[in-house]
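K.L.:
If you scroll down you'll find the structure; I have some questions about it.
The numbers here are math on the coordinates, done by the rules we state, and not lab data. Remember, predicted model here, so these are calculated numbers, not experimental data. Cβ sites come from the backbone with ideal geometry, for glycine too, and all protein chains shown count toward neighbours.
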Amino acid sequence: MKLVRAGDSREIDVEVISRDGAAVRIRIGDREFAAEFTPNTDGGGILVIDGRRYPVFSARRKESILVSIGPASFEFKPAEAASRRRARGLATMEVTAPMPGKVLKVLVHDGDLVEAGQPLVVIEAMKMETTLAAESAAMVKQVRVDEGQTVDHGAVLIELSPPPASSGREAAPRAG
Amino acid sequence: MAQPLTKLLVANRGEIALRIIRSARLFGLKTVAVYSAADAQSMHVSAADEAIAIGPAEAAQSYLNIASIIVAAKHSGADAIHPGYGFLSERAEFAQAVSDAQIVFVGPRPEVMAALGDKVAARRIAVAAGVPVVPGIETAEISAAREFAARAGYPILIKAAAGGGGRGMRVVAEVAQLEPALEAATREAAAAFGDGRIFVEKYLARPRHIEIQILGDEHGNVVALGERDCSIQRRHQKIIEESPAPGLSDEMRAKIIDAALKLARAAHYTSAGTAEFLVEGDNFYFLEVNARLQVEHPVTEMRFGCDLVCEQLRIAAGGKVSAPADPRGAAIECRINAEDPEHDFRPATGTVLHLSVPGGPGVRFDSHLARGAEVTPWYDGLLGKLICYGADRKQARGRLVNALGEFALLGVTNNAAYVRDIIASEQFRDAELSTHFIDEFFSTWKLSTAEIDAAVVAAALANGDPQAEATLQRNSNQHRSPWDGLNSFELWRSRR
């Protein structure tokens, strides 16, 4: 199966080759190795790879698989789901809220031409300000939020279109 | 003037509200929690004897709403209010309003708070008491800031005059950044503290942050409970705090403690407070007084075997501070925050699907988290504090590394693996401490590939697990209930 980590676009090709009791054969990319997984009573288990023991918990949330390896936590999506999402993003060139929060400042207007790195929106979450900037040159097609407005994670803040006289690379938000 | 207290309202939320409620109960008080619409199911609400809704999720209309909180206190018959940290804790007008309502404020008197909680006024007191300060001026004027910066030399630091905890703080490396930084800092300061005044000062090259815990009572007694080294900060937010400060000479320690006591006496300080200093070489500079209980106070409690909230309550009731015991061993705290260290520490939210809390000798976890708890975007992202005590720093550090290894939190992205790697690092072991520790050693932190591999394996096993799929299916068919959200996140149980 192909998995994608949240916040990352690289596909991870992983296959459970065999599973016999605790013993697992696994392939990640072109690396094949053995692992041992022993479930325990609290819904998690112990994973042993290369002599190292990892306490593991996992859960499903919508299309995501959440995993903790000791104190480290991970979110994976099946690659098909992730690429569907990306395709949607590409088609509309939307600047979306990377987290729920409040729109503090809208720095552009409909029809503005923006350059790569130019700040578009300032949002506040958990008392910290985050500036979303254009990743490449673009034209502001439509500002979809007002200052002071509260937005959910993934809410569309600004729609962009390719700048009139350029090649029109994708303009995606970037936290700054 | 002894004034027995009976009922304490805690004007805060999260781990600190819970922590205060625990001590208040020990002190023999009934407790009242207040909560916003976003926190109705929070742990501090169920921990208190009673709980009162004070407004919508926006802090400005709930936890920062003085009128609502006073009404809640009157309504519940509380005779004392503890403000915790953050929110209204350092607002003199709140302390004044509480006292005007004939309720005891658990903290310094309003006039003391006004003088010391304000960085500018506090500097004046420090200078008058003969305590060294970092060169700086108060201004939000771009021209004055530019002139000061030109004189003192870049980089300079811009911060909220009313603030603390790094909110509204910015380092400015060159003149071009000055104006936008001033603007943003003013805005953040106004939003966080309701006070947009700004302080501009010289930025020291490689200082350590060392602070002294103070306790004062109405009888004029002031004591110091040693120091905490809080040098490990990210964007001026403390991440790791410890006591004693490693490598600090007894002579320096005595000098800094003496300065803190001078300040506290000059200000007639009462209750718990912290005098913060920057230490560079043989010099130390007064930074500010935090006129409240601090996030990292457990570090001091572990070493001194004391309960600072109980001390505050005793002082508020007109009692005397206890003579501090001799400090023992070492304690280290790390903050677990809802943020993504792999993606520029972006704030994270979510529902807790699983929580493993570490244990063992010398391990303390102060947190309001439980399975099913919501972490919302409305408030700061502190999820909990993990504090370890040891006979010496080596043992405290070893316990903290082990405790972080036992920690697991599913559902809210957090910095636990990041702080584990810091605590386990050679640089932390060798105490190469300065406020630039993170920039110097952990600016390009990544998870180990071994752990990422392990996560991929676990995800692949979970994805192919028929029982996990069955659970998912079953839950999606269930009728809706308030627990629906939780059920659909059912933990995966593998077949044997």
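K.L.:
Below 8 Å, C-alpha to C-alpha, sequence gap of six or more: please give me the relative contact order for segment B:135-202 in percent.
P.N.:
Result for segment B:135-202 is 43 percent.
K.L.:
Is there a simple number for the mean count of other chain Cβ atoms within 10 Å of the Cβ of residues in A:125-136, and what is it?
P.N.:
Taking all residues of A:125-136 together, the mean is 5.
K.L.:
Moving to a separate point now. Treat every Asp and Glu Cβ in segment B:135-202 as -1 and every Lys and Arg Cβ as +1, leave all other atoms uncharged, and give the resulting dipole magnitude about the Cα centre to the nearest 20 debye.
P.N.:
160 debye
K.L.:
Then there's this: Please state the relative contact order of chain B as a whole percent: Cα pairs under 8 Å, 6+ residues apart?
P.N.:
Computed over chain B, the figure is 13 percent.
K.L.:
What pairs from B:119/B:202; A:127/B:238; A:102/B:446; A:127/B:159; B:7/B:74; B:238/B:385 go past 18 Å between their alpha carbons?
P.N.:
Beyond 18 Å between Cα atoms: A:102/B:446.
K.L.:
Label-point separation (nm) for residue B:75 and residue A:53, each offset 7 Å from Cα along Cα-to-Cβ?
P.N.:
Using points 7 Å along Cα→Cβ, the separation is 5.2 nm.
K.L.:
If you don't mind, another one. Extension gain residue B:441-residue B:100, at 0.36 nm per residue separation less the Cα-Cα distance, in nm?
P.N.:
117.8 nm
K.L.:
Note down the magnitude of the dipole of chain A about its Cα centre, charges +1 on Lys and Arg C-beta and -1 on Asp and Glu C-beta and zero elsewhere, to the nearest 20 debye.
P.N.:
380 debye
K.L.:
Roughly how large, in nm² to one decimal, is the mean projection of the convex hull of the alpha-carbon atoms in the protein assembly as shown?
P.N.:
30.7 nm²
K.L.:
Okay, moving on. Whole Å is fine, so just give me how far the alpha carbon centre of segment A:1-31 lies from that of segment B:196-253.
P.N.:
Computed from Cα coordinates, the inter-centre distance equals 47 Å.
K.L.:
Computed on alpha carbon atoms, what radius of gyration and Dmax characterise segment B:7-106, expressed in Å?
P.N.:
For segment B:7-106, the Cα-based Rg and Dmax read 11.7, 32 Å.
K.L.:
Going toward the positive end of the dipole of segment B:249-377, with +1 on Lys and Arg Cβ and -1 on Asp and Glu Cβ, which of B:293, B:334, B:351 do you reach last?
P.N.:
After comparing all options, I get B:293.
K.L.:
Let me ask something additional. Using Cβ contacts closer than 10 Å as the measure, can you line up B:54, B:16 from fewest to most?
P.N.:
Result, fewest neighbours first: B:54, B:16.
K.L.:
When a footprinting reagent is the concern and you count Cβ atoms within 10 Å, what order do B:357, A:103 take, fewest first?
P.N.:
The order, fewest Cβ neighbours first, is B:357, A:103.
K.L.:
Still on this structure: Tell me the label-point distance for the pair residue B:205, residue B:171, using the 7 Å Cα-to-Cβ offset, in nm and rounded to one decimal.
P.N.:
Inter-label distance under the simple model: 1.4 nm.
K.L.:
Checking the cross-link filter: which lysines have an alpha carbon closer than 21 Å to that of residue A:141, excluding same-chain neighbours under 8 positions apart?
P.N.:
Candidates past the 8-residue exclusion: A:105.
K.L.:
Can you put A:76, B:437 in order of Cβ neighbours within 10 angstrom, beginning with the fewest?
P.N.:
In increasing order of surrounding Cβ atoms, one gets B:437, A:76.
K.L.:
Something else now. For every helix of n ≥ 4 consecutive DSSP H residues, a contribution of -39,500 (n - 2.57) applies; sum these over the protein assembly as shown, divide by its total residues, and give [θ] at 222 nm rounded to the nearest 500 deg cm²/dmol.
P.N.:
Calculated from helices alone, the mean residue ellipticity at 222 nm is -8500 deg cm²/dmol.
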